[in-house]
Amino acid sequence: MPEAPFGERQLVATDDGSHSLYLPTFDEHYHSSHGALQESLHVFIGSGYGAAAHLPRPALRVLEVGFGTGLNALLTWARSRSGLLQVAYTALEPYPLDEQCVGRLNYPERLPEVDARAVFETIHRCGWEVPQRIDEHFNLLKLGCCFSDFEPEGHFDLVYHDAFSPAVQPELWTRDVFAKLAGCMSPGAVLVTYCAKGEVRRHLRSVGLTVERLPGPPGKREMTRATQS
């Protein structure tokens, strides 16, 4: 996989005590500095998974654009187990973290699941490009490619759009990107993102998705949810 173009990654504590990574070169955090865990639970699990879990599906197909620290995958695993829902999770990440960095992140210790640390490490250590069975409810496919090289197979019921901000990764917030995502979303599928920029919402509407403004996580007024008809 190519070397990350973002420079040094620094481990930092956010306001809710959970960790994030900071990129000094871009003055960018992987998560909200007001609380990494709170943000992911609010945006991706509460507003995304919580809505898509009610779709009449035998299993929930999830696509994450920006696997990053693996926090969203870990939280989705925990929620799938508590709700006994089968999840097939596809994550895109061309610049994965090294093992030392993963070992320092404290997300598992902030969850009630006693085996969260073991699962978190398995999620990061398991192979790429081949589906991996994490437990009886959660299957993971990690793809080490950029979004531009991603070739979707089938349709997804839930999309976590968790790329870096438009200022850092503008190429992942274009109309073409959202058209590609809309094209691989099943009827009723949900896309969620922390980003609330007007341009992003206009792109989502222009590709035929129904867009909602929702209250944001702590420290952020709004977030965005879009639904496929």
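The values are calculated or read from the model by the stated rules, or taken from the named source; none is laboratory data. None of the values given here were measured: they were computed from a predicted structure. Virtual Cβ from ideal backbone geometry, glycine too; neighbours counted across all protein chains shown. When the accessible area is computed, the model is the full protein with side chains, heavy atoms only, and any ligands, DNA or RNA have been set aside. Shrake-Rupley method; radii C 1.70, N 1.55, O 1.52, S 1.80 Å.
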Next on the checklist: I'd like to verify a number: residues in the range 3-56 that are in a loop (DSSP other than H, G, I, E, B), closer than 25 Å to V190 by Cβ and among the acidic types (D, E), how many?
Outcome noted: 1
Checklist entry - For Q100, are the conditions met, namely being of a type outside the set (V, I, T), without any contact (Cβ under 8 Å) to a residue 24 or more places away in the chain and farther than 20 Å from M223 by Cβ? => result yes
Checklist entry - Would you say G198 is among the small types (G, A, S), open to solvent by less than 40 Å² (accessible area, probe 1.4 Å) and either modelled with pLDDT of 95 or more or in contact with a Leu (Cβ under 9 Å, 6 or more places away or on another chain) (or both)? => result yes
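For the range 116-155, what are the residues that are of a type in the set (D, E) and part of a helix (DSSP H, G or I)? Lay out the reasoning, then the answer.
Taking the range 116-155 first, the residues of a type in the set (D, E) are 121, 129, 135-136, 149, 151, 153.
Residues satisfying the conditions are E121, D149.
Is it fair to say G46 is open to solvent by 10 Å² or more (accessible area, probe 1.4 Å) and under 24 Å from E99 (Cβ atoms)? Before the answer, list the steps.
Working: open to solvent by 10 Å² or more (accessible area, probe 1.4 Å): yes; under 24 Å from E99 (Cβ atoms): no.
Considered against the rule, which asks whether it is open to solvent by 10 Å² or more (accessible area, probe 1.4 Å) and under 24 Å from E99 (Cβ atoms), G46 comes out as no.
For the structure I just gave you, tell me whether P96 is farther than 22 Å from S20 by Cβ, part of a loop (DSSP other than H, G, I, E, B) and open to solvent by 10 Å² or more (accessible area, probe 1.4 Å).
Answer is no for this residue.
Here's the yes/no breakdown for (1) of a type in the set (S, T, N, Q); (2) farther than 20 Å from V87 by Cα; (3) touching a Ser or Thr at 6+ places or on another chain (Cβ under 9 Å):
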| residue | (1), (2), (3) |
| --- | --- |
| T174 | yes, yes, no |
| G198 | no, yes, no |
| M223 | no, yes, yes |
| Q228 | yes, no, yes |
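Report yes if some residue within the range 156-173 is in a loop (DSSP other than H, G, I, E, B), open to solvent by 50 Å² or more (accessible area, probe 1.4 Å) and farther than 21 Å from S33 by Cβ; otherwise report no.
No, there is no match, as no residue in the range 156-173 is in a loop (DSSP other than H, G, I, E, B), open to solvent by 50 Å² or more (accessible area, probe 1.4 Å) and farther than 21 Å from S33 by Cβ.
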Checklist entry - Which numbered condition trips up D157, out of (1) farther than 25 Å from S20 by Cβ; (2) charged (D, E, K, R); (3) in contact with a Phe, Trp or Tyr (Cβ under 8 Å, 6 or more places away or on another chain)? => result (3)
